Structure formats: C-alpha cells, structure tokens
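Quick notes on the structure that follows.
The values are calculated or read from the model by the stated rules, or taken from the named source; none is laboratory data. Computed from a prediction, not measured in an experiment: that's the story for all the values here. Positions of Cβ are generated from backbone atoms using ideal geometry, with glycine treated the same way; all protein chains shown enter the neighbour counts. Please note that ligands, DNA and RNA were not included when accessible areas were found on the heavy atoms of the full protein model with its side chains. Shrake-Rupley method; radii C 1.70, N 1.55, O 1.52, S 1.80 Å.
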Amino acid sequence: MGQAAVVIRNGRDAFNGCDFLADVLSSLDAGKGADIKVLDVRNKTSITDYMVIASGTSERHVCSLADRIVDKAREIGVRTLSLEGKASGDWVLVDLGEVIIHVMKPQTREFYQLEKLWMG
C-alpha cells in the first residue's frame, strides 16, 4: 500500500480472523483514500470486529471510495450488509459484517470524531 493504515488495537492481534480486511485497505489505498485508520473494536462492541475510517477529498471521492469497497467485497465473495449515505456523500458507511467502513469528508470526520468515540 502506498499510504500505511494506522491500526489502533485493544490488546489483540490486528486482523486476526478477518482475512478480507487487507483487501478493504488496498481498495481504499488504490482509490487515494486519506488518513486511513483501523480500529479494533472487538472488546468494545458486538456489532463488528473492526471499523475502518478513511477520508475522501469531496462528495464524489467519498462515494467513489465506497463503491470501490463494495466492488472489492463482491469480487472476493463478501456480502455488503448495508450501504448508507451515498445520497449526500459527506459520510458513507459500508457494513461488511466483521468490518464497518466509514468514508468521510475531512470536515465531517473532524466533527464526529469517531476515533475518539470508539477508542477514547
């Protein structure tokens, strides 16, 4: 990957048991996603194992990054459970079950501070 993702852990091995997380990160990197972070939330919630947070430069870029993830998931046989927010493009959520991906414009990301919420 051109831009290394920052992995924030909660005392467990990163990516343990989630084979397709590297594919998600590669898709974001290939699409020029910025400030990519992986949050290990296995000890904080039962809804998912990892949250990936990335920034896009515009509404179009945010939607394009989300589309890349959905396409990659389909290609590797992972079902997309939910896709939310494409109409506005400020914040798109892609739910792949074990991994939930949040792609946001930088202003939206700064306002909601998901990293602080989940890891604080």
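Values computed for the structure shown
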| read-out | value |
| --- | --- |
| Pairs with Cβ under 8 Å, 6+ apart, first in segment 49-70 and among the charged types (D, E, K, R), second outside any strand (DSSP E or B) and open to solvent by less than 20 Å² (accessible area, probe 1.4 Å) | D49/C18; D49/V41; E59/G89; R60/G89; R68/S27; R68/L28; R68/G31 |
| Subset of segment 61-120 (residues that are of a type in the set (K, R) and touching a Gly at 6+ places or on another chain (Cβ under 9 Å)) | R68, R79, K105 |
| Within segment 12-114, strands (runs of 3 or more DSSP E) holding 1 or more residues that are open to solvent by 10 Å² or more (accessible area, probe 1.4 Å) and among the charged types (D, E, K, R) | 34-40, 82-84, 91-95 |
